[in-house]
């Protein structure tokens, strides 16, 4: 039996953001030929962590694969698209920007002809009737292009991320790889907690109560929300999330510059003055980023990138499942990869 490492696969990653999905896919065997994002700060984050990656700053609506022929016939087109709103519709002339990006992804699929497609978005896109027209549009486009597809929902907490984060997933394949695709199964019998994930960082500046705080922060984090790029400062999410954070003794209404020092008095009964906010680096740990992953920009822009990111461990689980399906025929001596252009 051969112990040789499987050949690495090629991907095109769009709306890459801070690189959470791309990092997870890299860990599962995919090397990106190009990553696309329209924000300078996100592109700087990608380049800071992976100088060898081919990062292209530009709008997906304007991206022409004919000018980037290395993207033709990649194994996977992956996309962490901005969250689609239920009020948007693909048939309306004034469709929301998120729907325009979804349509652009379908156009790009036609131009690039990848063997597989992976899109991550809100869980409601998969489950709610209000998104039916969007799902029908996607199904029609994929069928026209010769892809079979599947929608499903997974929770990042089931895959080693200390956060309750339900994600809507679309996968599609050409050929018979869809028959071999198996949705990632939960790998974490014990969901990680906020306290477990952050106790070391909370004690980094000598705060004596770090372990006591961590012991009561015994739940996964609520879903981190990046918020709007156009307005507002950085915080940990809507009112319900802030209440959940307060029950763990965390001020969710802001983001800190530093972790508590040895003089900090933790007393949630005092309200916000007695609770500590999290730092951007701590939020990144709750998203499953490794501590070495650098987020570029000023604090609010840094937090936006983290809050909008797809957790890398989820990307790894999805990438492993997609790679296994794609390699099925190759491992048996056949290759269903389209011919190079």
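Kindly indicate which of 23, 35 is in contact with a helix residue (DSSP H, G or I) (Cβ under 7 Å, 6 or more places away or on another chain), touching a residue at least 12 places away in the same chain (Cβ under 8 Å) and under 20 Å from residue 68 (Cα atoms).
Sole residue among the options that is in contact with a helix residue (DSSP H, G or I) (Cβ under 7 Å, 6 or more places away or on another chain), touching a residue at least 12 places away in the same chain (Cβ under 8 Å) and under 20 Å from residue 68 (Cα atoms): 35.
Collect the residues in segment 11-32 that are over 16 Å from the mean Cα position of the chain (by Cα) and surrounded by fewer than 19 Cβ atoms within 10 Å (Cβ to Cβ), keeping them in residue-number order.
Within segment 11-32, just 31 meets the criteria.
Answer yes if at least one residue in segment 133-156 is part of a strand (DSSP E or B), in contact (Cβ under 8 Å) with a residue 60 or more places away in the chain and over 30 Å from residue 199 (Cβ atoms), and no otherwise.
No, every residue in segment 133-156 fails to be part of a strand (DSSP E or B), in contact (Cβ under 8 Å) with a residue 60 or more places away in the chain and over 30 Å from residue 199 (Cβ atoms).
Rundown of residues vs (1) modelled with pLDDT of 95 or more; (2) farther than 22 Å from residue 319 by Cα; (3) in a loop (DSSP other than H, G, I, E, B), yes/no style:
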{"position": "33", "(1), (2), (3)": "yes, no, no"}
{"position": "36", "(1), (2), (3)": "yes, no, no"}
{"position": "89", "(1), (2), (3)": "no, yes, yes"}
{"position": "92", "(1), (2), (3)": "no, yes, yes"}
{"position": "99", "(1), (2), (3)": "no, yes, no"}
{"position": "119", "(1), (2), (3)": "yes, no, no"}
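Looking at this structure, is residue 40 surrounded by fewer than 18 Cβ atoms within 10 Å (Cβ to Cβ), within 20 Å of residue 308 (Cβ to Cβ) and at pLDDT 95 or above?
In short, yes.
Against the conditions (1) closer than 21 Å to residue 167 by Cβ; (2) assigned to a helix (DSSP H, G or I), where does residue 48 fall short? Just the number, please.
(1) is the only condition that residue 48 fails.
For a quick check of your reading: which helices (runs of 4 or more DSSP H) sit entirely within segment 198-291 and have at least 2 residues that are within 24 Å of the chain's Cα centre (by Cα), surrounded by 21 or more Cβ atoms within 10 Å (Cβ to Cβ) and modelled with pLDDT of 95 or more?
Ranges flagged: 280-286.
Scan (1) in a loop (DSSP other than H, G, I, E, B); (2) in contact with a helix residue (DSSP H, G or I) (Cβ under 7 Å, 6 or more places away or on another chain) for the single condition residue 73 breaks and write down its number.
(2)
So residue 162 ticks every box in (1) surrounded by fewer than 16 Cβ atoms within 10 Å (Cβ to Cβ); (2) touching a helix residue (DSSP H, G or I) at 6+ places or on another chain (Cβ under 8 Å) but one. Which box is left unticked?
The number of the failed condition is (1).
Quickly run through segment 165-181 and pick out the residues that are more than 16 Å from the chain's Cα centre (by Cα) and either surrounded by fewer than 21 Cβ atoms within 10 Å (Cβ to Cβ) or part of a loop (DSSP other than H, G, I, E, B) (or both).
Result: 174, 175, 176, 178, 179, 180, 181.
Among the residues of segment 136-159, which ones are surrounded by 15 or more Cβ atoms within 10 Å (Cβ to Cβ), under 30 Å from residue 290 (Cβ atoms) and in contact with a strand residue (DSSP E or B) (Cβ under 8 Å, 6 or more places away or on another chain)?
Once the filter is applied, which keeps residues that are surrounded by 15 or more Cβ atoms within 10 Å (Cβ to Cβ), under 30 Å from residue 290 (Cβ atoms) and in contact with a strand residue (DSSP E or B) (Cβ under 8 Å, 6 or more places away or on another chain), segment 136-159 yields 151, 153, 154, 155, 156, 157.
The values are calculated or read from the model by the stated rules, or taken from the named source; none is laboratory data. The structure displayed is predicted, hence computed values, not measured ones. Here Cβ is always computed from backbone atoms with ideal geometry, including for glycine, and neighbour counts include all displayed protein chains.
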